[in-house]
1. For segment 32-67, which positions are on the phi < 0 side of the Ramachandran plot, touching a strand residue (DSSP E or B) at 6+ places or on another chain (Cβ under 6 Å) and among the small types (G, A, S)?
2. Being within 14 Å of A312 (Cα to Cα) and either among the β-branched types (V, I, T) or in contact (Cβ under 8 Å) with a residue 12 or more places away in the chain (or both) is the filter here; which residues of segment 271-295 pass it?
3. Is it the case that some residue within segment 208-216 is surrounded by 17 or more Cβ atoms within 10 Å (Cβ to Cβ), within 30 Å of E29 (Cβ to Cβ), touching a strand residue (DSSP E or B) at 6+ places or on another chain (Cβ under 8 Å) and at pLDDT 90 or above?
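The values are calculated or read from the model by the stated rules, or taken from the named source; none is laboratory data. These figures come from a predicted structure and were not determined experimentally. When we count neighbours, we look across all protein chains shown, and the Cβ atoms used for this are built from the backbone with ideal geometry, even at glycine.
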Amino acid sequence: MRVAALADLHLGFRAFSAKSEGTRRNLREVDVERTWERVVDQVVAEDPDLVTIAGDVFHHPRVSDYARRALLRGLNRIRCDVVILQGNHDAGKTGEVLTPVALARELAGGTRRIHVATEVERVVLASGIAVTCVPYVDLSVGRNYRLRPDPAAKYNVLLVHAAARSSADGSGKLPYFYGAEDKSLDVGKHADDWDAILLGDYHEYTMLHPTRPVFYSGSIDRTSSNIWQENRSKGWVLVDLEALTHEFRKVETRPMWDYIIDGDSAEEVNLAVADIAYTAEASDEEPPLVRLRVDDFPRHEKRLIDWSAVNALKRTVAHFYLDLRYRPLEVAGLEDGREAGERVTLESEARAYFKDAPDAVRALVFEELGLRRGA
């Protein structure tokens, strides 16, 4: 019994100013749709018994018709059961906004093989798999849920869109804010209760148990607010519920090149830009997303950067971000250089400064400053 575990499609994601050729749509939105098509190609080739999508199918609740059409095309090609969760990105933010995920079944012709969970529920499939669904829900309602497997089911899968934690030894590292609260789900502690725990929300494929299929599938493309931290491969996971094994399947995405240098001068930046331009022109890959991060850069050197070369590189690649991180400014000491105990007054400073000036000048200055005349 095999499950294709997906998460965080983020259809409708847009970023940067680049446009696709022909349609003139946002390039990154088109990229994500293409990646979704590649994922569907791989899933259809594997012919699993179940496909799960652990939330954030869309990047936001008010998505374009292009994003809806992309989802529909993919779902219509998948012939097995599909269980989809609502995520925090595509959930309606008010009672008047219906999450577009709720329409997935209707969009696909009302087929019963597509199941959409917008509340905590259990979906029992004819194949003997019970999927306990924990989508993103409004935390303000103050509900607590006790998650238990179905004793009557042959296989039990826990499908979650949330920030979870794991106390199991050998778990992958998550950001410090993931599962920071004691009330958050400890998937490592409960791993033995389920045949698989499939998670969505975190965008990097991360194992949360050393021996059982408990993991974040990760997003299928780089769709976070800071794509440069997503330097691992993207894809989905194929799970074998009988063998309790899983395998990450990589999917091709637009290349991302991330360079970090210590830039003591504009000359070093110019050389790095030239090297990147040469590499991009010689590459057989499609135009990449590129960042050049320059640490400890002297602010006064910025005007010496070859901005014409930077602009030319922007026209060569899909996106170029010159991330200048300036050297901390040196704060000049404003204190008087003499002994700290000596009191310095405006009068004493003026007399010292104009000591050798002509009498007429000294008289004029002292009069302007309201000081008494004298040597």
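1. A54, A67
2. Result: A272, V273, A274, I276, A277, T279, A280, E281, P287, V290.
3. Scanning segment 208-216 turns up at least one residue that is surrounded by 17 or more Cβ atoms within 10 Å (Cβ to Cβ), within 30 Å of E29 (Cβ to Cβ), touching a strand residue (DSSP E or B) at 6+ places or on another chain (Cβ under 8 Å) and at pLDDT 90 or above.
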